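The values are calculated or read from the model by the stated rules, or taken from the named source; none is laboratory data. The structure displayed is predicted, hence computed values, not measured ones. For neighbour counting, all protein chains shown are included, and Cβ atoms are generated from backbone atoms with ideal geometry for every residue, glycine included.
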Amino acid sequence: MGVQAAADLAVALERLSERLRALGLRLSVPDAERARHARGELVDQIDDYLLPRLRRMEAPLLMVVGGSTGAGKSTLVNSLVGGEVSPAGVLRPTTRAPVLACHPDDVPWFEDDRVLGGMPRTTGGPAGPGGLQLVPTPALPPGLALLDSPDIDSVVERNRALARQLLAAADAWLFITTAARYADAVPWELLHAARDRGTALSLVLDRVPPEGAGEVASHLREMMVEHGLDGAELLVVPETPLEEGFLPAAALAPVREWLDALAADAQARAGLVRRTLTGALDSLPARVGGVRDVVADQEAEAGRLRADVDGAYERGLEEIDEAVRSGALLRGEVLARWHDVVGTGDLMRALESRLGRLRDRVRVLVTGAPPADAELRAAVQSSVDAVVHAAADRAAERAAAAWRGTPAGRALLEDAARLDSASADLLERTRDQVRAWQGEVFDLVSREAAGKRTTARVASLGVNGAGLVVMLAVFAQTGGLTGAEVAVAGGTSAVGQRVLEALLGDQAVRTLADKARENLLTRSRKLLDTEAARFHDRLAGAAPGPEELRVLDDAVAALEGAR
Amino acid sequence: MSLAGGLDARLSALGEAARLADGRLDTALVDEAEGVVRRAGERLGHGLEATVVALAGPTGAGKSTLFNALAGRDLVAVGVRRPTTSATTAAVWGFAPELLDWLEIHGRHAVAGDPEGLVLLDLPDFDSVETSHRLEVERLVPLVDLLVWVVDPQKYADAALHERYLHPLRSHAGSMLVVLNQADRLGDGIGAAAGDLRSVLAADGLGEVPVLPLSARTGEGMPELRQAIEERVERREAAVARLAADVDDSATRLRAAAGDGHGGEVDRRQREQLAASLAEAAGVPAVVAAVGRAHRRRGALATGVPWVAWVRRLRPDPLRRLGLGDAPQEDVRTSLPRATPVQRAHVDSAVRRLAGEVASDLPAEWLGLARRAATAREEELADRLDRAIAGAELGLTRPRWWTAARWLQRLLAVVAAAGALWLLALAVLGFVQLGDVVPTPEYNGFPVPTLLLLVGLGGALLVAFVAGRLNGVGARRRARRAERALRERVGAVADELVIAPLTAELGARDELLNALDAAQPRERGGLTGRLRRSARPRERAVQAG
C-alpha cells in the first residue's frame, strides 16, 4: 500500500468515524440499541486500530490476550513475561485495569496516544480506572506487544465493554478459553465477530484436565471448523499446579514456541498485520450498512410520527372549518362589525345592556332569583375561542394516542408533561387571535361599505330605531319578565342583516363571510401549527437529521473509492 | 389445603388484578400475571407431597456429577465434552408421574429411600452455544419449587448467570440455593471465592441466599447440601413459597406500572357545570322558553276575549313547533335546532375538563384512560339528550280556574251579545218608528241593554287582563318546573354517558390497587413492598489492588 493511498484511506476513515459519531440513533425503533452498540464498536475500531495502524504500518504487532473470566489470561501473560505484571487469583473477575507488556525498545510506540488514545498510561503500578499500565520487559521479543485485557463475560459491565474495545484495537487475538468454557455462547459470539472482520486469531485451550485432553481438544477443533475458524492456531495448555504463580515451562511450551516463531519472523508479523487490517477494512461497509439500515428505519418511523401529528391537527383544522362553514357564526360576526362600522353598534349595545340590567333588577325584585351566572355569559361570548380550543384539544389527544401506539412514540411521550391536551396558554393566544381577526373583519366591512356609510347609517338607525320602539313597548307591557324583547332584538338583528344585504348586495355579504372565514382559518392554522410544533420539536430532538443518511453513504463511498 | 390457604386468596386477587389491568396496563405485565395464576393453579393441583428441585447452572459446573452424587448412583452421563447434558432428567424419590407429565420431563429414574417426595431435576446448561438448552432451562425455571444453582470457581461471576437469571429472580431468595462446586480445585482459596460469590449475589439483591461450597467429586460439603434439600422437602413448603414469591413479584411490577395517586370524585359543582353545558347544547333554554310561551298562548285561548281569541289560533303552538307533545314521548324525534358547533365545542371541552380535573393526580396513562372513558359514549350524547328532552314531563297542566274563566267569558259574551242584540232590536224598532212600543227597562237610570253590552265587553277585557297576569305567573312557574325536569333528565344523561363511565374507570383503578395490595403479603403493605426491592447497584465496586 502506497503512502499516498494510506493517507487517502486515513482521511476517508476519519470522515467516516466523524459521521458515525454524529449519528443520533435516538428514536426507539427495533434494533436501535444494537445499532448504537455497533456504532460504538465501529468508531472505536477506526480510532483505536485502523487509523493508528494505517499511519504507522511498521509499528510493533499488538496482540491482545482476551477471553472469559477465570480462563487464566493473567496467569498466561505473567508466565510468558516471567513476572507478576497482571494480578491473577481465584476471585472473579480478576484483571480490572489492562496491562500492556512489550520489549523496552518498543515502549515509545505505546507511550503516546497513537493507539488507545483515550487511556492514560502509567508505568510501575496498576493503572487507575480507564487507564493502561505499560510494562517494559526483556522477556518479550521486540516487535511484539502483549495486552492483557479484562474478561469478556463477567458481571462487571465495564470490563466487558473495555475488553471488546481492546480486542477491536488488536492486530491479532490470542483468545483463551478453558476445558470448562470452550462451548460457552459468549466467547463464540466474539470469535464470530473476529472471523467476520478477518482478525488474525489464535486460540489457547487452557486448564485442560489430563484425562480429557484428547477429547476436548478434538471437539474444540471440530467446533472451530464448524464455525469457520479452521485457519486459526489452537494451542493446548494442560491443567497443572502453578509454580510460584506461574505455569511450568513444559505446559507453556506450545504458546512460547508459537510466539517466539512469530517474533523471529518479521514477514509473518507483517502478514498478520495486513490480514487483520484488510479484514477490518473489508468488514466496514457491511457493518456501517447495518447501522445505516437502522437510521433509515428511524427516518421512516419519524416520518410516520410526523404524519400522525400532521393528520391529527389537519383534522382539527377541518373541525374548525366545519364549525364556521355553517355560517351562523360568521354572519353574526360580520353583522356585529357592520354595526360597528355604521356606528350604531354602540347604541345598540348600550341599549341592550341597560335594558338587560333593568330586567335583571326587576326579576330579582319579583322572583328573588339571582341574575344569570356571569361565568356562563362569558362562556357564550367566547364562542370562536371555544371552537378553536376544543379542536386543538382533540387534535392533541389524537396525536398523543397515535404516538402511544408505537414504541418510538411512547418513548418520546415518556417525559412529556401532558402533551395530550392543548397547551395551557392556548386559550389566551386564541383570544388574541380572535380579537385580531375581529379587527380585520371590521376593516373588511368598512372597506366594503365605504361610500355607502351615510345611507347605511340612516337605514340602520331606522331599523334599530324601529327595533328599539318595539322593544320598549314589549318591555313596558311585560315588565321585562318574559324576555320577549330579546327576541325582538334578535329580529332586529335579522332585519339588520337584510339591510346589510340590501345595501351591499347579497353576493358582497357572502364574499365578506368567505374572506372572514379564510382569515379565521389562516389564524387557526397558525395556532394549531404552534400546537403541533410541541410534538414536532420533541420528534426533531430524536429523529435523524435530514442529511444523515446521504452523508453517511458518501463517507462509505469515499472509503471504497480510497481503497 | 391449609398451607396454600393464604396463597389461594392472593392468587385470586392477582387474577382479579390481571383482569382489571387488561387493556389498561402493559400487555406483557398482564400476560405475566395471568401466567403466574395459571401456573400456580396447575402446580397446586398436583399437590404439595412432592417437591421439585432443579439443578441449574452453566456448562461444566458439575450439575450432572452432583445429580449422580445426590441420587447415589450414576443415572446420567458425565463428561469433559461441553455441553454434556442436553435433555432434562428427573430422579424421583417416591412416585409423581403426573407432576413429571406436567413438567414435560421424559427421562425419569425412581430412587428408593429418603427424602420421600423429592423430585430432582438435572437441567441442561444455559450458557453454551446450544440455544435449545437455554430454552429448556427457561421453560423449567418458572415451574420448579426450589432452584439449586450450581456454579464453579471459573464461572461464578458470569454475566450470563447473574444478569439473565439471578438478578431477575431476586425476589425468590427463599426458593434458591447456590452451590459453589469443584471446591477441591481451589483448596484454601475456597473461602475467599465463596465470600466473593456472596458479594456478587448481594449485588444481585440475593444476599440472603445460602451459598454452599462443596465438591461433588470428593463429597466434601455434600452432607450440608443434602440436609438443606431434605429439610425443604420434608417441610413441603417450597412450592407454596415459590408461588408466593411469583405472585409478589408480578403484583409488585403491576403496582409500579399502575403508578401512584388516587382519582378524585366528581363533585356537585363539576356535575352541574357538565350538566349546564349539556343542557345548553341540547336546547333546554329554547324548550323552557317555549313552555312559557305555550302556557301563555293556551291561557289566552282559554281565558281571553272569545271574540278575538281565535286569531291566536292562527299562530302555531311553540311546543308543537319544537316537535314536543304535552305527554312525554321518548321515541319521537324532536324538531329542536341541532346543537351549534360552539355548543358542541363547549360540551366537548366540559367533558374533557371534567376528566382532566378528576384524574389530575394520576399518572399520564390513567389521565388518558379517564378521558377515553369519559368520551367513549360522546357519539350517543346528541341522540340521548334529544330523547331526554322528548321524554320529559313538561308539566303543562291546565289550571282549573281556566274553565271557570272560560264560562265567565262565555257568560260575559252572552251578556254582551244580549245587550248588543237588544240594542240592535231597539235600533230596528226605532227605524220602523216603533221605538216606544216596547219600553226600555232602566237600571238606576241607565238603559239595561247598553249596560249589558258595556258590562259584557268591559268584563271580558277585565277578565282577560287579570287572567293574562295570572297566566304570566303560571307560565313562569311552569317554565321553572319544566326547566327543573329537563335539567334533571339531562343530568341523568350526563351521569349515565359521561360520569358513570368515568367513575367506573377510576373505580377500576381503585379496585386494581386494592387487588394488588391483597395479592401482596399481609405483613407489608404495597408501599413497603415496593421500597424493599430498590434498584440493584449495577456496577460492582472496583476492589482496589
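Considering every residue within the range B:65-72, establish whether at least one is within 27 Å of A:Asp206 (Cα to Cα), within 14 Å of chain A (Cβ to nearest Cβ) and assigned to a loop (DSSP other than H, G, I, E, B). No, because not a single residue in the range B:65-72 is within 27 Å of A:Asp206 (Cα to Cα), within 14 Å of chain A (Cβ to nearest Cβ) and assigned to a loop (DSSP other than H, G, I, E, B). For the range B:61-81, the candidate set comprises residues that are of a type in the set (Lys, Arg) and free of Cβ contacts under 8 Å to residues at least 60 places away in the same chain; within that set, the residue that is nearest to B:Val151 (Cα to Cα) is B:Arg81.
The residue that is surrounded by the fewest Cβ atoms within 10 Å (Cβ to Cβ), counting only those in the range A:1-25 that are in a loop (DSSP other than H, G, I, E, B) and not hydrophobic (A, V, I, L, M, F, W, C), is A:Gly2. Does at least one position in the range B:217-230 carry a residue that is within 41 Å of the chain's Cα centre (by Cα) and either assigned to a helix (DSSP H, G or I) or more than 10 Å from chain A (Cβ to nearest Cβ) (or both)? Scanning the range B:217-230, I find no residue that is within 41 Å of the chain's Cα centre (by Cα) and either assigned to a helix (DSSP H, G or I) or more than 10 Å from chain A (Cβ to nearest Cβ) (or both), so the answer is no. Do we find a residue being of a type in the set (D, E, K, R), closer than 26 Å to A:Leu242 by Cα, assigned to a helix (DSSP H, G or I) and within 13 Å of chain A (Cβ to nearest Cβ) anywhere in the range B:153-161? For the range B:153-161, residues of a type in the set (D, E, K, R), closer than 26 Å to A:Leu242 by Cα, assigned to a helix (DSSP H, G or I) and within 13 Å of chain A (Cβ to nearest Cβ): absent.
Listed by position, the helices (runs of 4 or more DSSP H) contained in the range B:263-343 that have at least 3 residues being in contact (Cβ under 8 Å) with a residue 40 or more places away in the chain and not aromatic (Phe, Trp, Tyr) are B:268-282, B:284-303.
Matching residues to (1) hydrophobic (A, V, I, L, M, F, W, C); (2) crowded, with 21+ Cβ neighbours inside 10 Å:
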| residue | (1), (2) |
| --- | --- |
| B:Gly72 | no, no |
| B:Val78 | yes, no |
| B:Thr89 | no, yes |
| B:Trp102 | yes, no |
| B:Gly107 | no, no |
| B:Ala112 | yes, no |
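Scanning the range B:48-62 for residues that are within 14 Å of another protein chain (Cβ to nearest Cβ) and closer than 16 Å to B:Val144 by Cα gives a single hit, B:Gly57. Would it be correct to say that B:Gly205 is out of contact with any Pro (no Cβ under 8 Å at 6 or more places or on another chain) and buried (at least 18 other Cβ atoms within 10 Å of the Cβ)? Considered against the rule, which asks whether it is out of contact with any Pro (no Cβ under 8 Å at 6 or more places or on another chain) and buried (at least 18 other Cβ atoms within 10 Å of the Cβ), B:Gly205 comes out as yes. Under the condition of being surrounded by 19 or more Cβ atoms within 10 Å (Cβ to Cβ) and small (Gly, Ala, Ser), the residues counted in the range A:29-58 number 2.
Taking residues in the range A:404-418 that are away from every other protein chain (no Cβ under 11 Å), and partners anywhere that are in a helix (DSSP H, G or I) and modelled with pLDDT under 85, not one pair has Cβ atoms closer than 9 Å while being at least 6 places apart or on different chains. Residues that are touching an Asp or Glu at 6+ places or on another chain (Cβ under 8 Å) and either assigned to a loop (DSSP other than H, G, I, E, B) or within 12 Å of another protein chain (Cβ to nearest Cβ) (or both) within the range B:190-216 comprise B:Leu214, B:Ser215, listed in sequence order. Conditions first: (1) out of contact with any His (no Cβ under 9 Å at 6 or more places or on another chain); (2) within 14 Å of chain A (Cβ to nearest Cβ). B:Val80 passes all but one, so which condition is the exception? Here B:Val80 clears every test but (1). Filtered by the rule that a residue be buried (at least 16 other Cβ atoms within 10 Å of the Cβ) and at pLDDT 90 or above, the range A:509-523 gives a lone residue, A:Arg523.
For (1) touching a helix residue (DSSP H, G or I) at 6+ places or on another chain (Cβ under 9 Å); (2) over 27 Å from A:Val156 (Cβ atoms), each residue gets a yes or a no:
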| site | (1), (2) |
| --- | --- |
| A:Leu16 | yes, yes |
| A:Arg39 | yes, no |
| A:Ala59 | yes, yes |
| A:Ala71 | yes, no |
| A:Ser74 | no, no |
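Considering the conditions (1) modelled with pLDDT of 85 or more; (2) touching a strand residue (DSSP E or B) at 6+ places or on another chain (Cβ under 6 Å), A:Ile46 is excluded by exactly one of them, (2). Is at least one residue of the range B:170-183 under 27 Å from A:Leu190 (Cα atoms), at the interface with another protein chain (Cβ under 10 Å from one of its Cβ atoms) and among the polar types (S, T, N, Q)? No, that holds for no residue.
Filtering the range B:404-455 to residues that are assigned to a helix (DSSP H, G or I) and touching a strand residue (DSSP E or B) at 6+ places or on another chain (Cβ under 8 Å) leaves B:Val448, B:Leu451.
For residues that are among the β-branched types (Val, Ile, Thr) and farther than 14 Å from B:Ala350 by Cα, scanning just the range B:255-287, find the one that is surrounded by the most Cβ atoms within 10 Å (Cβ to Cβ). Per the stated criteria, the residue is B:Val287. For the range A:218-241, the condition of being under 23 Å from A:Val77 (Cβ atoms), of a type in the set (A, V, I, L, M) and within 11 Å of chain B (Cβ to nearest Cβ) holds for at least one residue. Can we say B:Glu49 is part of a loop (DSSP other than H, G, I, E, B) and of a type in the set (D, E, K, R)? Judged against the criteria, B:Glu49 is a match. Scanning the range B:369-388 for residues that are of a type in the set (A, V, I, L, M), assigned to a helix (DSSP H, G or I) and closer than 18 Å to B:Ala350 by Cβ yields B:Ala370, B:Ala373, B:Ala374, B:Leu381, B:Ala382, B:Leu385, B:Ala388. Here the condition is being over 24 Å from the mean Cα position of the chain (by Cα) and either within 14 Å of another protein chain (Cβ to nearest Cβ) or more than 13 Å from A:Val115 (Cα to Cα) (or both); of A:Val29, A:Val43, A:Val65, it holds for A:Val65 alone. Scanning the range B:123-152 for residues that are part of a loop (DSSP other than H, G, I, E, B) and touching a strand residue (DSSP E or B) at 6+ places or on another chain (Cβ under 8 Å) turns up B:Leu123, B:Phe126, B:Asp127, B:Val129, B:Val141, B:Leu143, B:Val144, B:Asp145, B:Asp152.
Restricting attention to the range A:68-90, the residues that are assigned to a helix (DSSP H, G or I) and either more than 14 Å from chain B (Cβ to nearest Cβ) or in contact with a His (Cβ under 7 Å, 6 or more places away or on another chain) (or both) total 6.
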